[in-house]
Amino acid sequence: RQGVVQIPVVVHVVWNTAQQNISDAQIQSQIDVLNLDFREKNPDVSQVPAAFQGLVADAEVEFFLASRAPDGSPTNGITRTQTNTASFQSDDRVKSQATGGADPWPADRYLNLWVCKLAGGLLGYAQFPGGPEATDGVVITYTAFGTTGTATAPFNLGRTATHEIGHWFNLYHIWGDDGTGCTGSDEVPDTPNQAGPNTGVPSYPHISCNNGPHGDMFMNYMDYVDDLSMVMFSQGQVDRVDACLDGPRQSFVT
Ligand code: ARG
Ligand code: ZN
Ligand code: CA
């Protein structure tokens, strides 16, 4: 692809209590975060340790709330659906009106984001490229979406969406999803081999899998640290985003 890719977004707010019916302003705060994080414009990128600074990369992807609905009519890119479902799980029920949720817009033209109450402390989940169109997109709990309103620390900086959209672009967890072993890989050559997920606010360096002296790249969006600790994609990850936009998600490249 050539240059920056612009992704039309539709946010489906599926609410049971009035508090879950988050404001347009909170939704825009999330879009704003994405446009910083995927353009390497987030001010906190300055906290990347010197040893990793040369690996930080601009993903050259931007996001905007759709201005046209699938039928061509004007829209603010937000749908609002009241539901009887008190909370959802990672079973995709939120993605269909028939199961208490909201139907997606065509997944080859829109990034579908669903915001609802997720049960069990789940912050969000994503579908990787190549899956069924009817369930393509990202789900985020209403307390971890955007930076205002119901967004709650330590997940109130919009990084759950950054992380999940990373998956939507075919990025794997940085520790390779093998529990705490050293055999799993994220298929990215410039991220150090890492044992398991990091959580909270780690101090640098955190060494695992003989990856010293610099250790884990725990400040990466694809780890499990708190929002304020995740601040970068690597060049190798951006190469995977590029491959995704040249392949399964090429319909977004105009
Ligand atoms: N799917 C992950 C979870 O629900 C998302 C983690 C996002 N991390 C974050 N700091 N926002 O745990
Ligand atoms: Zn994840
Ligand atoms: Ca790696």
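Over the chain, with the other protein chains present, what is the accessible area per residue in square angstrom, probe 1.4 angstrom?
Values: 10560 Å² over 254 residues.
Result: 42 Å² of accessible area for each residue.
Please identify the cysteines of the chain that lack any partner cysteine with a Cβ under 4.7 Å from their own Cβ.
Flagged as lacking a Cys partner: 116, 244.
Please give the FRET efficiency for residue 108 paired with residue 187, using the beta carbon to beta carbon distance and R0 = 30 Å, rounded to the nearest 0.05.
Numbers: r = 24 Å, r/R0 = 0.81.
Calculated value: 0.80.
Give me the one-decimal nm value for the distance between modelled label points at residue 89 and residue 201, 7 Å along each residue's Cα-to-Cβ direction.
3.4 nm
Which residues' amide hydrogens lie under 5 Å from the amide hydrogen of residue 79, considering only partners 5 or more residues apart or on another chain, with H built in the peptide plane?
Amide H neighbours of residue 79: 11, 12, 13.
If we sort 194-203, 42-51 on the protection proxy, mean other Cβ atoms within 10 Å, highest first, what's the order?
Values: 194-203: 16.9, 42-51: 13.4.
Ranked from most to least packed, the peptides come out as 194-203, 42-51.
Rg/Rh for the range 62-107 to two decimals, with Rh computed the Kirkwood way over all alpha-carbon pairs. If you can, show how the numbers build up before the last one.
Details: Rg = 12.5 Å, Rh = 12.1 Å.
In the range 62-107, Rg relative to Rh is 1.03.
Efficiency by 1/(1 + (r/R0)^6): what FRET value for residue 69 and residue 253, r their Cβ-Cβ distance, R0 = 30 Å, to the nearest 0.05? Intermediate values should be presented prior to the final figure.
Working: r = 22 Å, r/R0 = 0.72.
Once the sixth-power term is evaluated, E becomes 0.90.
I want the antiparallel fraction of DSSP beta bridges within the chain, as a percent rounded to 5.
The answer is about 20 percent antiparallel.
By how many nm would the segment from residue 98 to residue 235 grow when fully extended, if each residue of separation counts as 0.36 nm and the alpha-carbon distance is taken off?
Working: separation 137, 0.36 × 137 = 49.32 nm, distance 4.11 nm.
Roughly 45.2 nm would be gained on extension.
Please label the shape of the range 1-62 as rounded, prolate or oblate, based on the square roots a ≥ b ≥ c of the eigenvalues of the alpha-carbon gyration tensor (a/c under 1.5 means rounded; beyond that, a/b larger than b/c means prolate, else oblate). Working shown, then result.
Values: a/c = 3.76, a/b = 1.83, b/c = 2.06.
Note, shape of the range 1-62 comes out oblate.
Taking all protein chains in place and a 1.4 Å probe, what share, in percent, of the accessible surface of the chain do carbon and sulfur account for?
That share works out to 51 percent.
Go through the range 107-208 and name the GluC sites (Glu not before Pro) that are in a DSSP coil and have 14 or fewer other Cβ atoms within 10 Å of their Cβ. Walk me through the intermediate numbers first.
On the way: sites: 133, 164, 187; in loops: 187.
Listed in order of number, the matching sites are 187.
Read phi for every residue in the range 63-72 and hand back ³J(HN,Hα) as whole Hz from Karplus 6.51 cos²θ - 1.76 cosθ + 1.60, θ = phi - 60°, with x for Gly and Pro.
Couplings: 10, 8, 5, 4, 9, 10, 6, x, 7, x Hz.
Multiply the residue gap between residue 177 and residue 24 by 0.36 nm, knock off their C-alpha separation, and tell me the result in nm, one decimal place. Before the final figure, lay out each step's value.
Working: separation 153, 0.36 × 153 = 55.08 nm, distance 3.50 nm.
Result: 51.6 nm gained on full extension.
In whole Hz and in residue order, list the ³J(HN,Hα) couplings for the range 173-181 that follow from phi through the Karplus curve 6.51 cos²θ - 1.76 cosθ + 1.60, θ = phi - 60°; x for Gly and Pro.
Per residue, the Karplus-derived 3J(HN,Hα) values read 4, 5, 8, x, 6, 10, x, 10, x Hz.
If you take the alpha carbon radius of gyration of the range 201-254 and divide it by 2.2 N^0.38 Å, what ratio comes out, to two decimals?
Numbers: Rg = 14.7 Å, N = 54, 2.2 N^0.38 = 10.0 Å.
Relative to the rule-of-thumb radius for its length, the range 201-254 sits at 1.46.
Separation between the residue 152 and residue 47 pseudo-spin-labels, each 7 Å from Cα along Cα→Cβ, expressed in nm?
About 2.1 nm, to one decimal.
Once you have the alpha carbon radius of gyration of the chain, what is it after dividing by 2.2 N^0.38 Å, with N set to its residue count? Display every interim value, and only then the final one.
Numbers: Rg = 17.7 Å, N = 254, 2.2 N^0.38 = 18.0 Å.
Output field value: 0.98.
Across the range 119-168, how large is the tail of the calculated P(r) beyond 19 Å, expressed as a percent of all Cα pairs? Can you show the working numbers first?
On the way: 330 of 1225 pairs.
Value for the range 119-168 (Cα pairs over 19 Å): 27 percent.
Which semi-axis lengths, in whole Å and largest first, follow from the square roots of five times the eigenvalues of the Cα gyration tensor of the range 29-133?
Details: eigenvalues 183, 72, 35 Å².
Whole-Å semi-axes of the equivalent ellipsoid: 30, 19, 13.
Enter the Cα centre distance for the pair the range 79-120 and the range 28-52, rounded to the nearest angstrom.
27 Å
For the range 111-254, count the residues as N, evaluate 2.2 N^0.38 Å, and divide the Cα radius of gyration by that value, please.
Details: Rg = 15.4 Å, N = 144, 2.2 N^0.38 = 14.5 Å.
So the Cα radius of gyration is 1.06 times the expected 2.2 N^0.38 Å.
Could you give each residue of the range 210-225 its phi-based ³J(HN,Hα) in whole Hz, using Karplus coefficients 6.51, -1.76, 1.60 with θ = phi - 60°, and x for Gly or Pro?
Working through the residues one at a time gives 6, 9, x, x, 8, x, 5, 8, 5, 7, 8, 4, 9, 8, 10, 6 Hz.
Pull up all non-local amide H partners of residue 101: gap of 5 or more, or a different chain, and H-to-H distance under 5 Å with H placed in the peptide plane.
Correct list: 96.
The values are calculated or read from the model by the stated rules, or taken from the named source; none is laboratory data. The structure displayed is predicted, hence computed values, not measured ones. Ideal geometry is used to build each Cβ from the backbone, glycine not excepted, and the neighbour counts take in all protein chains shown. Areas reflect the complete protein model, heavy atoms only, side chains present, ligands, DNA and RNA absent. Shrake-Rupley method; radii C 1.70, N 1.55, O 1.52, S 1.80 Å.
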